[in-house]
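Contents: one structure, followed by commentary.
The values are calculated or read from the model by the stated rules, or taken from the named source; none is laboratory data. These figures come from a predicted structure and were not determined experimentally. For neighbour counting, all protein chains shown are included, and Cβ atoms are generated from backbone atoms with ideal geometry for every residue, glycine included. With ligands, DNA and RNA removed, areas are computed over all heavy atoms of the protein, side chains included. Shrake-Rupley method; radii C 1.70, N 1.55, O 1.52, S 1.80 Å.
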Amino acid sequence: MKIYYIEDNLFHQELFKKELQKHEQLRSIEIHVFPSDKLETIYRNLETFSISSSDFFIIDIDLKTLHSGIDFAQKIRTINKNCYIIFLSNDSSRGLEIINRQIRPDRYLDKSDFVDVFNQIEEILQKKMANRKQNASIVELQGAAKVFLVDPDEVNYIATVNGSRSTLEYCGVQENFIIHDKMKNIKQKFKPYHYFNELKSYSINPFNIKNIDKQMMEVNFKNGESLFLSSTSIKKLMNHIEMLKQKTLNDFF
């Protein structure tokens, strides 16, 4: 999960940063505040961002740039239909335009009171997290200075880092990063999601595998990433996938 704040007013950016320091829950989440003079560049390159369904966008509608906050939100929605969007504005007349452009924001807030804005953001996050834990689950992974909140469906695999004790590499559908934990703990966390955990150095999500090249000993994931394993490991992985297929058939009948 990441939080993006899109605002071109430097005064409001500073208010945002100042208020952020009062909210410990939000400080543990990766937050991006874009420079006001880079917003058009950001807009043109939004497709290159790794936007996941758990990401949160806080957008000022009334940007004094070529593209409005509504333009930003619409483009973000085409990239990911399920990420969270909060609009900030002092203008309540833009509702019809938002509806017509099918943006579906999670909230429309008055940005004149940042204390209230942050309280509501925190409340929304708590409700979203509660809903996700009930319906889709969120797994917490510890980074060096941040806690990463990931959907098990967005993981390709997690691997140990050679020569670094309790250091693991998270390889996901949208992003890669380093986490600090023991592999045995990771395997326990992802066990309910039927991950392949029989290898010492890997925890692999079989549901994101596109195909397995036995001759090249290569596991290819749906997002284009690949992982090379030994022939013995490939065989174990394929047996695990076959077992899952059989379980699915048994559950169906």
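Pairing each residue of segment 182-208 that is closer than 16 Å to residue 160 by Cα with any residue that is open to solvent by 60 Å² or more (accessible area, probe 1.4 Å) and modelled with pLDDT of 95 or more, provided the two are 6+ apart or on different chains, yields C-beta distances under 6 Å for 198/236. When 163, 143 are checked against the criterion of being modelled with pLDDT under 90, of a type outside the set (Asp, Glu), more than 24 Å from residue 30 (Cβ to Cβ) and out of contact with any helix residue (DSSP H, G or I) (no Cβ under 7 Å at 6 or more places or on another chain), a single residue qualifies: 163.
A quick yes/no check of all residues on (1) assigned to a loop (DSSP other than H, G, I, E, B); (2) modelled with pLDDT under 85; (3) basic (Lys, Arg):
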residue: 15; (1), (2), (3): no, no, no
residue: 25; (1), (2), (3): no, yes, no
residue: 31; (1), (2), (3): no, no, no
residue: 52; (1), (2), (3): yes, yes, no
residue: 66; (1), (2), (3): yes, no, no
residue: 78; (1), (2), (3): no, no, no
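Residues in segment 160-196 that are open to solvent by 40 Å² or more (accessible area, probe 1.4 Å), in a loop (DSSP other than H, G, I, E, B) and closer than 24 Å to residue 238 by Cβ: 173, 194. For residue 86, state whether it is in contact with a strand residue (DSSP E or B) (Cβ under 8 Å, 6 or more places away or on another chain), crowded, with 16+ Cβ neighbours inside 10 Å, among the aliphatic types (A, V, I, L, M) and at pLDDT 85 or above. The answer is yes for residue 86. For residue 9, indicate whether it is out of contact with any Gly (no Cβ under 8 Å at 6 or more places or on another chain), at negative phi and free of Cβ contacts under 8 Å to residues at least 12 places away in the same chain. Answer is no for this residue.
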